[in-house]
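One structure below.
The values are calculated or read from the model by the stated rules, or taken from the named source; none is laboratory data. Being a predicted model, the structure only gives us computed values, none of them experimental. As a convention, Cβ positions derive from the backbone with ideal geometry for all residues, glycine included, and neighbour counts pool all protein chains shown. Surface accessibility is based on the protein's heavy atoms, side chains included, excluding ligands, DNA and RNA. Shrake-Rupley method; radii C 1.70, N 1.55, O 1.52, S 1.80 Å.
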Amino acid sequence: MLGVHRHRVKGERKRLSPRRALQLGACALFNGYALGFAKGKIFTGPTKGICVPVLNCYSCPGALGACPIGALQTAIGGQRGHFPFYVLGMLVLFGVLLGRGVCGLLCPFGLVQDLLHKIPSPKATVPRRLDKPARSLKYVVLAVLVMALPALASGAAPVPYFCKYLCPAGTLEGGIPLLLSNPSLRQAAGWLFVGKLLVLALVLALCVPVYRPFCKYLCPLGAFYALFNRFSLYRLHLDKGKCTGCSQCREACPMGVEVLKDVNSAECIRCGKCRSVCPSGAISHSLGAEGPPAGKKAGHAPRAQGKGE
Amino acid sequence: MKGPKGVWALRAGFLLGGLALVGVGAARGEAWEVMEKAVRICLECIGIG
């Protein structure tokens, strides 16, 4: 039996990891209106009144829910501009439950970036002196493009500045499929669309050598959830009694988190790489518990590298 | 971050605050506003508007 199991494990090296299965499932769930892609139209059912936790364009033909960043800009801006109770409340709930686990486990655009980074190529490490300040950019995008500019423009027609000038997810999930299947929209596309295509192309091209550049440097939703990462219910635990200080976790972390110093850093997207590579089983995850879950107290054998992917 | 009790108090505060915000927003008709926007193709989002 053991031999059969071993053989099966060997033969199934390319089997989906639980994390990848979750990412694909979430992508299908948030974009489950398959007919929309064929018709070149978007879903108009009542679930569109509920925000999904991820950056998922509500103009994607398959989208079943609303993009929280788009909804936030609409609520803040425009003639009816007001404090966004409903959208902000949803974001707070998602943030306190999962923190940036949303980015690592559920986000479709994060999945796209993950897959692109798997393309065999030389991988780049952004120099620390550039990387550290650049990570603050996403907070600027949140404060300026998503909140301040739409608020300043309130009184006129709402302008979702982030969606209009930056969001590559909107171009990929909404713009390209709609323009491919809807001739009238294709005719209306102009320089703005070309500009957005260039932004998308640049982000996607950067994803091959750099891990998740959009999440690290630009995503306003990731910036919002980062504020909750240190106390969100879904979190990581480092058992300092078991930790040998080998730093394999730090070396493996694709987000560049100093795991030994701050296991629940604002930059951690809960991808699980650190857990996978830890040779002493010192890193665990839980939903709500303050320490490692009871079953994980005893050391567990390290899993094969890459399983956390 | 202060001890576990402080963390739980913070979480509980944010959970209740989040629920309250959603409730107030829904009562003000903001869910309808979100839906109104989301059921129409957002031309800005797709790079046309």
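Give the number of residues within region B:21-31 that are within 7 Å of another protein chain (Cβ to nearest Cβ) and assigned to a helix (DSSP H, G or I).
Summing the residues that are within 7 Å of another protein chain (Cβ to nearest Cβ) and assigned to a helix (DSSP H, G or I) in region B:21-31 gives 7.
Look at region A:104-123 and say how many of its residues are touching a helix residue (DSSP H, G or I) at 6+ places or on another chain (Cβ under 9 Å) and farther than 18 Å from A:Ala71 by Cβ.
Kept after step one, since they are touching a helix residue (DSSP H, G or I) at 6+ places or on another chain (Cβ under 9 Å), are these residues of region A:104-123: A:104-117, A:119, A:123.
Narrowing further to those that are farther than 18 Å from A:Ala71 by Cβ: A:104-105, A:110-117, A:119, A:123.
Summing the residues that are touching a helix residue (DSSP H, G or I) at 6+ places or on another chain (Cβ under 9 Å) and farther than 18 Å from A:Ala71 by Cβ in region A:104-123 gives 12.
Looking at A:Gln305, is it within 22 Å of A:His117 (Cα to Cα), modelled with pLDDT of 95 or more, open to solvent by 30 Å² or more (accessible area, probe 1.4 Å) and among the polar types (S, T, N, Q)? Even if it seems obvious, please write down each step before you answer.
Working: within 22 Å of A:His117 (Cα to Cα): yes; modelled with pLDDT of 95 or more: no; open to solvent by 30 Å² or more (accessible area, probe 1.4 Å): yes; among the polar types (S, T, N, Q): yes.
For A:Gln305, the condition - within 22 Å of A:His117 (Cα to Cα), modelled with pLDDT of 95 or more, open to solvent by 30 Å² or more (accessible area, probe 1.4 Å) and among the polar types (S, T, N, Q) - is not met.
Considering only region A:167-208, state which residues are out of contact with any His (no Cβ under 8 Å at 6 or more places or on another chain), over 19 Å from A:Ala63 (Cβ atoms) and assigned to a loop (DSSP other than H, G, I, E, B).
A:Ala189, A:Gly190, listed by residue number.
For the subset of region A:248-264 comprising residues that are open to solvent by 20 Å² or more (accessible area, probe 1.4 Å), of a type outside the set (Lys, Arg) and part of a loop (DSSP other than H, G, I, E, B), which member is farthest from the other protein chains (Cβ to nearest Cβ)?
Among those that are open to solvent by 20 Å² or more (accessible area, probe 1.4 Å), of a type outside the set (Lys, Arg) and part of a loop (DSSP other than H, G, I, E, B), it is A:Pro254.
Do any helices (runs of 4 or more DSSP H) entirely within region A:55-162 hold 2 or more residues that are without any contact (Cβ under 8 Å) to a residue 60 or more places away in the chain, within 14 Å of chain B (Cβ to nearest Cβ) and in contact with an Asp or Glu (Cβ under 7 Å, 6 or more places away or on another chain), and if so, which?
Where helices (runs of 4 or more DSSP H) fall fully within region A:55-162 and carry at least 2 residues being without any contact (Cβ under 8 Å) to a residue 60 or more places away in the chain, within 14 Å of chain B (Cβ to nearest Cβ) and in contact with an Asp or Glu (Cβ under 7 Å, 6 or more places away or on another chain), they are A:85-98.
For region A:189-206, does any single residue satisfy the condition of being touching a Lys or Arg at 6+ places or on another chain (Cβ under 9 Å) and either outside the structural domain of A:Leu64 (by TED's automatic domain parsing) or in contact (Cβ under 8 Å) with a residue 40 or more places away in the chain (or both)?
The answer is no, given that none of the residues of region A:189-206 is touching a Lys or Arg at 6+ places or on another chain (Cβ under 9 Å) and either outside the structural domain of A:Leu64 (by TED's automatic domain parsing) or in contact (Cβ under 8 Å) with a residue 40 or more places away in the chain (or both).
Kindly list the number of the only condition in (1) more than 19 Å from the chain's Cα centre (by Cα); (2) modelled with pLDDT of 95 or more; (3) buried (at least 20 other Cβ atoms within 10 Å of the Cβ) that fails for A:Leu106.
Just one mismatch for A:Leu106, condition (1).
Could you please find all residues in region B:4-19 being within 7 Å of chain A (Cβ to nearest Cβ) and open to solvent by less than 70 Å² (accessible area, probe 1.4 Å)?
Of everything in region B:4-19, those that are within 7 Å of chain A (Cβ to nearest Cβ) and open to solvent by less than 70 Å² (accessible area, probe 1.4 Å) turn out to be B:Val7, B:Leu10, B:Arg11, B:Leu15, B:Gly17, B:Gly18.
Hey, among B:Ile41, B:Ile48, which residue is open to solvent by 40 Å² or more (accessible area, probe 1.4 Å) and part of a loop (DSSP other than H, G, I, E, B)? Write out each step before concluding.
On the way: B:Ile48 fails: open to solvent by 40 Å² or more (accessible area, probe 1.4 Å).
Going through B:Ile41, B:Ile48 in turn, just one is open to solvent by 40 Å² or more (accessible area, probe 1.4 Å) and part of a loop (DSSP other than H, G, I, E, B): B:Ile41.
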